[in-house]
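The values are calculated or read from the model by the stated rules, or taken from the named source; none is laboratory data. The shown structure was predicted, so the numbers you read here are calculated from the model rather than taken from an experiment. All Cβ positions, glycine included, derive from the backbone under ideal geometry; neighbour counts span all protein chains shown.
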Amino acid sequence: MAKIKIKLRDKKGQTHSYEQSWIPTRKLIESFDINTENYPTLKEYYEKTIDFVASVFDDKRVTSDTILDGVSAQEFDDFMADFFDQLAGGTDPNLEPENE
């Protein structure tokens with residue numbers, strides 16, 4: 001079963017990994033509503049997107065605040081792209097390619 005995996009830094013600079021193994025289809029469908037038409041300012045769009053990511057995880061340590069504080073601004077776009085790739089069933093870039 002595919003899992004969604006994210007890494008967040010804490011206030012001490014330590015990186016923590018979080019996994020969510022069960023994601024209902026409802027979450028995938030909810031993600032379709034997160035777009036710039038519904039959230040026209042970049043601030044609104046980012047806030048809604050971060051809230052959504054936190055809502056996918058059952059682990060209560062994954063919150064909007066831990067994402068805001070645990071992902072560097074320079075890596076945020078890559079973080080979000082990786083999250084949505086995993087949500088949609090894309091490949092995990094951390095996995096080794098299979099030998100043919």
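The table below lists the values:
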{"read-out": "Per-region count, the range 8-20, residues of a type in the set (Lys, Arg) and touching a residue at least 40 places away in the same chain (Cβ under 8 Å)", "value": "2"}
{"read-out": "Complete set of residues in the range 27-37 that are surrounded by 11 or more Cβ atoms within 10 Å (Cβ to Cβ), of a type in the set (S, T, N, Q) and not in a helix (DSSP H, G or I)", "value": "ASN35"}
{"read-out": "Filter result (touching a Ser or Thr at 6+ places or on another chain (Cβ under 9 Å) and either in a loop (DSSP other than H, G, I, E, B) or within 15 Å of SER17 (Cβ to Cβ) (or both)) within the range 38-55", "value": "TYR39, VAL53"}
{"read-out": "Where THR41 falls short, out of the listed (1) touching a strand residue (DSSP E or B) at 6+ places or on another chain (Cβ under 9 Å); (2) over 20 Å from GLY89 (Cβ atoms)", "value": "(1)"}
{"read-out": "Hits in the range 35-60 (condition: modelled with pLDDT of 95 or more and β-branched (Val, Ile, Thr))", "value": "THR41, THR49, ILE50, VAL53, VAL56"}
{"read-out": "Qualifying residue in the range 61-72 (condition: of a type in the set (S, T, N, Q), assigned to a helix (DSSP H, G or I), modelled with pLDDT of 95 or more and out of contact with any Phe, Trp or Tyr (no Cβ under 6 Å at 6 or more places or on another chain))", "value": "yes"}
